[in-house]
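The values are calculated or read from the model by the stated rules, or taken from the named source; none is laboratory data. Keep in mind that what you see is a predicted model, and the values were worked out from it rather than measured. Counting neighbours? That spans all protein chains shown, and the Cβs are built from the backbone with ideal geometry, glycine included. Quick note on the areas: whole protein, heavy atoms, side chains included, nothing else; ligands and nucleic acids left out. Shrake-Rupley method; radii C 1.70, N 1.55, O 1.52, S 1.80 Å.
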Amino acid sequence: MLRRFIGQASIAQRYRCLISRQSSADTLRRCSSSATASSQAPVGTSAEQPADTQFSDDYTSQPAARISIDRSGLSNPPEHSHETSADSELVKHLKSIIKFRGGPISVAEYMEEVLINPKAGFYINRDVFGAEGDFITSPEVSQMFGEMVGVWAMCLWEQMGQPDKVNLVELGPGRGTLMADLLRGTSKFEKFTKSLNIHMIEVSPALKKIQKLTLKCEDEDENTATTLTGTPVSWHSTLEEVPTGLPTIIIAHEFYDALPVHQFQKASRGWCEKMIDVAEDSKFRVVLSPQPTPATLYLLKRCKWAQTEELSKLEHIEICPKAMDLTQNIAERISSDGGGALIIDYGLDGIVSDSLQAIRKHKFVNMLDDPGSADLSAYVDFPAIKHSAEEVSEDVCVYGPITQSHFLGNLGINFRVESLLQNCTEEQAESLRTGYWRLVGEGEAPFWEGPNDQTPIGMGTRYLAMAIVNKKQGTPVPFH
Ligand code: SAH
């Protein structure tokens, strides 16, 4: 089956030398047991709406006159207490925001609290990845993913004229696996690795610790360290904290899907924002806002970028203002400092309708049930990223989205897998083949002979890649 993808590798011929130089046996990271053990991880598929989601008409009275959030509860607070003794800290916190705000909160505010609340957010206190965790990502599936992203970064660095110093920024590095594989894969190209100042943008103290272990870093202080090979690494909470002035390469893999989304639903009075409220029975429920909310400004902006025909079919729209703002920061930085950004995520080459999903222990669950114990993620709206970048700077060009299969295939993943297969045990070979399928395949792996419920599912077309690059750099591989 691997041969099916070999034809895709025209650009890879040019970089074959680079890829085969990575190929000695000692560069086989590990036999990725998590790849098979959790092959049914529900990555990138659309979640069904939670069964008990209901829309209330309680908030539907006034016409859309001005932009404000609904505070109708202020003058008429519910008599019952929202808290039940069994509520978790995060549930108590969410209910108290709703109570003291005097009305429901947006889905985006709910999502942000659930994922990154500093005390109890989903990402904050634990390792959520792999077979034992809640979901699995491409860098955890196979070392080849980080290695191919390394090929991309090195090619861009070459197009930038091989600068002596470069900021290599990763947004949301998870366990740090992608960065470790990128560094190991490019380690023979000393001029490149010596140029790197690595910056990790991470909100989770627990994952930050794991990233330091994965990169085998010696701590200097809480936020700075050096890898064993002497590359400086620093940690920040936001991209704005990364020093400016150096050409910059930014990697965002499965970061955008964790940014909070606002959801809108078409009602008789126009687009209404879906809000999270507490029902009489003290459970969370979804209601519609009676008036335009602040996020409506972003909805209007997003709709201007869409075709009337595309919009007329939709009953629901999801928008991500944080993704639009982040993209503008990225584009401004690349425009002033040079370089480029690579965004890989599951998403659509079009407006997103209704994709927010909750995943716990590799299964879809109701997003309102036990918040903080399940991941929340949404499809990435790639055209919104493209328009946001283009709106802010004429010095950057946006490429893609292309499928992950196209991206990895044209960078030469087939050569990489073949060279790794030449020097490995049978168990490692099995894991490499499975990992390869999951990264570039589509649907169920036809070669699979193991248990049905563990059939590897390809992520090759569900995941898309987009690049934002300073025009001086020309077209990045493999977006030609
Ligand atoms: N890129 C990794 C992990 C993806 S999960 C991989 O592919 O395996 C999302 C990552 O982004 C986690 O590391 C999470 O802690 C981090 N994250 C989520 N929201 C964030 C935010 N607002 N700011 C910084 N990091 C965030």
To the nearest 10 square angstrom, how much accessible area does Arg360 have with a 1.4 angstrom probe?
60
Got a sec? What order do His199, His262, His480, His387 fall in by accessible area at 1.4 Å, biggest, i.e. largest, first?
His480, His387, His262, His199
Efficiency of FRET between Glu332 and Glu89 - r from beta-carbon atoms, R0 45 angstrom, step 0.05:
0.75
Sum up the charges of everything whose Cβ sits under 15 Å from the Cβ of Glu240, counting Lys and Arg as +1 and Asp and Glu as -1, but leave Glu240 out.
-3
Extension gain, Phe100 back to Lys191 (0.36 nm per residue minus Cα-Cα distance, nm):
27.1 nm
By the C-alpha gyration tensor axes a ≥ b ≥ c (rounded if a/c is under 1.5, else prolate when a/b exceeds b/c, else oblate), the shape of the stretch 398-471 is oblate
Spacing of the two label points (7 Å from each Cα toward its C-beta) at Asn452 and Glu310, in nm:
3.9
Antiparallel as a % of all DSSP beta bridges within the stretch 144-287, to the nearest 5?
50
Set of lysines with alpha-carbon distance to Lys216 below 20 Å, sequence-local pairs under 8 removed:
Lys188, Lys194, Lys208
Please give the solvent-accessible surface of Met324 in Å², to the nearest 10, using a probe radius of 1.4 Å with every protein chain present.
10
Enter the accessible area of Cys217 (Å², nearest 10), with the probe set to 1.4 Å and all protein chains included.
30
Which order do you get for Phe382, Phe189, Phe447 if you rank them by accessible area with a 1.4 Å probe, largest at the top?
Phe447, Phe189, Phe382
For the pair Lys472 and Leu228, how long in nm is the line joining their label points, each one 7 Å along Cα→Cβ?
3.7
From most to least accessible, 1.4 Å probe, no ligand or DNA/RNA atoms counted, Glu170, Glu426 line up as Glu426, Glu170
Spin-label pair Cys424/Asp219, simplified geometry with 7 Å Cα→Cβ offset, distance in nm:
3.4
Which lysines have a Cα less than 28 Å from the Cα of Lys99, not counting those fewer than 8 places away in the same chain?
Lys119, Lys266, Lys274, Lys283, Lys322
Computed over the stretch 137-193, the relative contact order (Cα-Cα under 8 Å, seq sep at least six) in percent reads 50
Which of the aspartates and glutamates could a cross-linker span from Lys191 if the Cα-Cα distance has to be under 18 Å and same-chain partners fewer than 8 positions apart are dropped?
Glu147, Glu158, Asp164, Asp181
Suppose R0 equals 35 Å; then what is the FRET efficiency for Phe364 and Lys165 from their Cβ-Cβ distance, rounded to the nearest 0.05?
0.20
